[in-house]
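This report concerns only the one structure given below.
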Amino acid sequence: MEENQKKELLELFADKLTRAARLYLDNCTRCGVCIEACHVYQSMPETRYTAVSRAQNIRRLYEKYFKLSGKIAPWWNEAVELDDAWMDRVWETAYTCTGCRRCMTFCPFGIDTGLIQSIAKLLLIGSDREPKVLTMLADVSISKGRNIEATKKSFAQAVRNLEAEVIEKWRSEGGEEAVPLDVQGADVLYVALAGKHSIVPAAAIMNAAGEKWSLSYFEAVNFGAFVGNPKKTKEIAQRIIDEAERLKVKEVAICECGTAYRVMKHMTGKHSFNVITFVELIARYLREGRIKLDKSKIDARITYHDPCQIARQGGIYEEPRYILKHLTDDFVDLQSNRRASYCCGGGGGLVIMGDKEFRMKSAKVKVDEVKATGATILATACENCHSQLSDLMEYYGLETKVQFVSGLVADALVQETASRKVPAATSEEPQLQLTAKAG
Amino acid sequence: MSAHAVAKVLDLKGLPCPMPVVKMSQEINSVKVGEIIEVHTTDPGSLADFPAWADTTGNEVLETKQREGSIQIFVKRLK
């Protein structure tokens, strides 16, 4: 590695050394509690797949370049030189980890391995070693934000083409658009993904609830966050923030996409609007009696996978369960659930990057838990998780069908004939408990 | 019948976001500079994604057609 590049990379490293980052880099005692916490290690028990080992790849650089002990006695804390060979270890830190932060919940010091991972991702970007597909997708998102006027008309037409499918799930009221766009003063701006599976069920549910809503022109997912580029993350999120402010909406409801929710809720500062997940909105509709579901539509045992970004990192545990208990009397949790849920193995950009063998092998622990429930439907509330879990079910030969919570709800909507308003929830209905429980 | 001389057809129908653009990105180098790929997709977002991808990568979307149930996009490799 050339000296100039090394210098630039160390400057990037130094920029990430906040007080919190220094705390996490300084404080590991190698107790090893995190080892068993990682789904990758549980499925593929190799030392390099432990949280502590991944963090050490960065910590040893930190010792070398940012600590006095590393400068005068590098052997003391195993300080290492930053060179091309060590960048392979940096890659392992960044991309054999999904950033699920399960290890963090077990660490007695609460060391945020996600933050340490973000240093690794930044070093990879700085040395032009990051996964190019993630950068390309981030650039595409940014380009869309800059040229939205050019694509608005065709996107609107594509949305119009979906309206018949929305009306099939829920009738449209006379004179109303089934998928409204650009609604000034809407109560909810719904930010979907590009696929119709993310638009049609959500539209039917919001129409059934009589919501005053508007569909965003932008997709929710933030590839800037996947690749670990703070500047691109912000620029991609800003497109949605600008749209929400322009329309003066009260809430931005993020579709079933974990990273999109975490970025908008926790990484973009304060807004003039509230940020919620779509499952929170559905739970609200049920609680307020604005939609009603027909339990007889589903004759299956359902289990639920907690998406890491929505659950462990977002605190949304009970709403999806509350919804699913309106759909079946046979709901069963996975053995590791809520805060302790294992990652699906597809997070952090891995599901896009193409190394399917690693994704499949590293998530076997999740498959074993799904199998043990005997459930025939595995519900989830994240696109990334849905793709990964579907691949897992196919790879391991399970019949369990992976479905979005919103899709299940839309298919079970009770079509009211007189009034769209239905009576408020009774005490016999499943109660929403907002206190998070560890599994 | 397409008015374009198509070198390759990519059937990306049913693929969820962002896979149509990922696949396009992987396949663009399988044709020569100046040749055209015809893409079939069902993602409504592709209408915005493909022009943005072309803009980012220096290629060109020649034409987009919306048909019942799918979207047809013609992409020319420029470099």
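The values are calculated or read from the model by the stated rules, or taken from the named source; none is laboratory data. This one's a predicted model, so the numbers in the text were calculated from it and none came from an experiment. Note: ideal-geometry Cβ built from the backbone for every residue, glycine included; neighbour counts use all protein chains shown.
Let's see how each residue does on (1) more than 24 Å from residue A:159 (Cα to Cα); (2) more than 9 Å from every other protein chain (Cβ to nearest Cβ):
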| residue | (1), (2) |
| --- | --- |
| B:12 | no, yes |
| B:19 | no, no |
| B:25 | yes, no |
| B:33 | yes, yes |
| B:38 | no, yes |
| B:45 | no, no |
| B:48 | no, no |
| B:69 | no, no |
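Picking from residues in segment A:391-416 that are closer than 20 Å to residue A:279 by Cα and assigned to a helix (DSSP H, G or I), the one that is nearest to the other protein chains (Cβ to nearest Cβ) is A:407. Quick one: in segment B:50-67, of everything that is touching a residue at least 24 places away in the same chain (Cβ under 8 Å) and more than 11 Å from chain A (Cβ to nearest Cβ), which residue is nearest to residue A:199 (Cα to Cα)? Here the residue is B:63. Per the listing A:99, A:114, the residue uniquely more than 14 Å from every other protein chain (Cβ to nearest Cβ), surrounded by 24 or more Cβ atoms within 10 Å (Cβ to Cβ) and within 13 Å of residue A:55 (Cα to Cα) is A:99.
When you scan segment A:78-86, do you find a residue that is crowded, with 18+ Cβ neighbours inside 10 Å, at negative phi and of a type in the set (Asp, Glu), even just one? Taking every residue of segment A:78-86 in turn, none turns out to be crowded, with 18+ Cβ neighbours inside 10 Å, at negative phi and of a type in the set (Asp, Glu). Here residue A:144 fulfils each of the conditions (1) farther than 23 Å from residue A:360 by Cα; (2) of a type in the set (Lys, Arg); (3) not assigned by TED's automatic domain parsing to the domain that holds residue A:263 apart from (3). For the residues B:25, B:70, B:30, B:46, the requirement of being hydroxyl-bearing (Ser, Thr, Tyr) and surrounded by fewer than 16 Cβ atoms within 10 Å (Cβ to Cβ) singles out B:30. Of all residues in segment A:56-77, exactly one satisfies the criterion of being β-branched (Val, Ile, Thr) and buried (at least 18 other Cβ atoms within 10 Å of the Cβ), namely A:58. Of the helices (runs of 4 or more DSSP H) contained entirely in segment A:1-66, those carrying at least 2 residues that are touching a residue at least 40 places away in the same chain (Cβ under 8 Å) and within 25 Å of the chain's Cα centre (by Cα) fall at A:19-26, A:39-43, A:51-66. Of the numbered criteria (1) in contact with a helix residue (DSSP H, G or I) (Cβ under 8 Å, 6 or more places away or on another chain); (2) touching a residue at least 24 places away in the same chain (Cβ under 8 Å), the one residue A:84 fails is (1).
Which residue is surrounded by the fewest Cβ atoms within 10 Å (Cβ to Cβ), if the candidates are limited to segment A:133-176 and must be within 11 Å of chain B (Cβ to nearest Cβ) and farther than 26 Å from residue A:223 by Cα? Residue satisfying both the conditions and the ranking: A:164. Of the residues making up segment A:183-195, not a single one is within 14 Å of chain B (Cβ to nearest Cβ) and touching a Lys or Arg at 6+ places or on another chain (Cβ under 9 Å). If you go through segment B:29-49, how many residues are touching a strand residue (DSSP E or B) at 6+ places or on another chain (Cβ under 8 Å) and under 13 Å from residue B:63 (Cα atoms)? Total satisfying the criteria: 7. Comparison of A:328, A:303, A:233, A:277 shows that the only residue that is within 23 Å of residue A:196 (Cβ to Cβ) and polar (S, T, N, Q) is A:277. For the structure I just gave you, tell me whether residue A:194 is buried (at least 18 other Cβ atoms within 10 Å of the Cβ) and modelled with pLDDT of 90 or more. When the stated conditions are applied, residue A:194 does not pass them.
Going through (1) under 26 Å from residue A:373 (Cβ atoms); (2) out of contact with any helix residue (DSSP H, G or I) (no Cβ under 9 Å at 6 or more places or on another chain); (3) in contact (Cβ under 8 Å) with a residue 24 or more places away in the chain one by one, residue A:265 falls short only on (1).
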